[in-house]
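Q: The structure that follows is given in the form of structure tokens.
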Amino acid sequence: MSLPNCPKCNSEYVYEDGILLVCPECAYEWDPNEVEEDGLVVLDSNGTKLSDGDTVTVIKDLKVKGAPKDIKQGTRVKNIRLVEGDHNIDCKIDGFGAMKLKSEFVKKL
Ligand SMILES: [Zn+2]
């Protein structure tokens, strides 16, 4: 049986430790059964798992390319959708429209 790559850094050198899988390169540990259920695991700035439809707040001012203003810290973002990639949250923000955010810059409410 082959083990999956690390979901954080994509390392191939993952090994089993009891029921958990461990990545020796970034030290990430996870339960493979949990990953399988959801497919995509997106964590906020506190390491809390995010789900489609969650409401989050932005934890720092974010510059937006082409926008006249920043997204302010504390901006509330409703009904997020998780996607693959570097900017792993699809959402709409009042005054900005459709946006993609990085989960590391938000906090689940
Ligand atoms: Zn890793």
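The values are calculated or read from the model by the stated rules, or taken from the named source; none is laboratory data. Given the structure is predicted, the values throughout are model-derived calculations rather than measurements. All Cβ positions, even for glycine, are placed from backbone atoms using ideal geometry, and neighbour counts span all protein chains on display.
Residue by residue, here is whether (1) in contact (Cβ under 8 Å) with a residue 40 or more places away in the chain; (2) acidic (Asp, Glu) holds:
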| residue | (1), (2) |
| --- | --- |
| Cys9 | no, no |
| Cys23 | no, no |
| Glu29 | no, yes |
| Ser51 | no, no |
| Pro68 | no, no |
| Lys78 | no, no |
| Phe96 | no, no |
| Phe105 | yes, no |
| Leu109 | yes, no |
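Q: Do we have Ser2 as within 13 Å of the ligand (Cβ to nearest atom), small (Gly, Ala, Ser) and over 23 Å from Lys107 (Cβ atoms) here? Write out each step before concluding.
A: Working: within 13 Å of the ligand (Cβ to nearest atom): no; small (Gly, Ala, Ser): yes; over 23 Å from Lys107 (Cβ atoms): yes.
It is false that Ser2 is within 13 Å of the ligand (Cβ to nearest atom), small (Gly, Ala, Ser) and over 23 Å from Lys107 (Cβ atoms).
Q: Evaluate the following for Lys69: is it surrounded by 13 or more Cβ atoms within 10 Å (Cβ to Cβ), more than 14 Å from the ligand (Cβ to nearest atom) and either modelled with pLDDT under 95 or of a type in the set (D, E, K, R) (or both)? Give the derivation first.
A: Details: surrounded by 13 or more Cβ atoms within 10 Å (Cβ to Cβ): no; more than 14 Å from the ligand (Cβ to nearest atom): yes; either modelled with pLDDT under 95 or of a type in the set (D, E, K, R) (or both): yes.
In short, no.
Q: Looking at this structure, is Asp61 out of contact with any Phe, Trp or Tyr (no Cβ under 9 Å at 6 or more places or on another chain) and surrounded by 12 or more Cβ atoms within 10 Å (Cβ to Cβ)? Full working, then the answer.
A: Working: out of contact with any Phe, Trp or Tyr (no Cβ under 9 Å at 6 or more places or on another chain): yes; surrounded by 12 or more Cβ atoms within 10 Å (Cβ to Cβ): yes.
Taking the combined requirement at face value, the residue satisfies it.
Q: Follow-up. Would you check if Lys78 is at pLDDT below 95 and more than 16 Å from the ligand (Cβ to nearest atom)?
A: On the way: at pLDDT below 95: no; more than 16 Å from the ligand (Cβ to nearest atom): yes.
So Lys78 fails the test.
Q: Okay, next question. Part of a strand (DSSP E or B), within 16 Å of the ligand (Cβ to nearest atom) and surrounded by 11 or more Cβ atoms within 10 Å (Cβ to Cβ) - does that describe any residue in region 87-107? Step through it out loud before you land on a result.
A: Going through region 87-107, the residues part of a strand (DSSP E or B) turn out to be 89-93, 97-101, 106-107.
Then drop every residue that is not within 16 Å of the ligand (Cβ to nearest atom), which leaves none.
Taking every residue of region 87-107 in turn, none turns out to be part of a strand (DSSP E or B), within 16 Å of the ligand (Cβ to nearest atom) and surrounded by 11 or more Cβ atoms within 10 Å (Cβ to Cβ).
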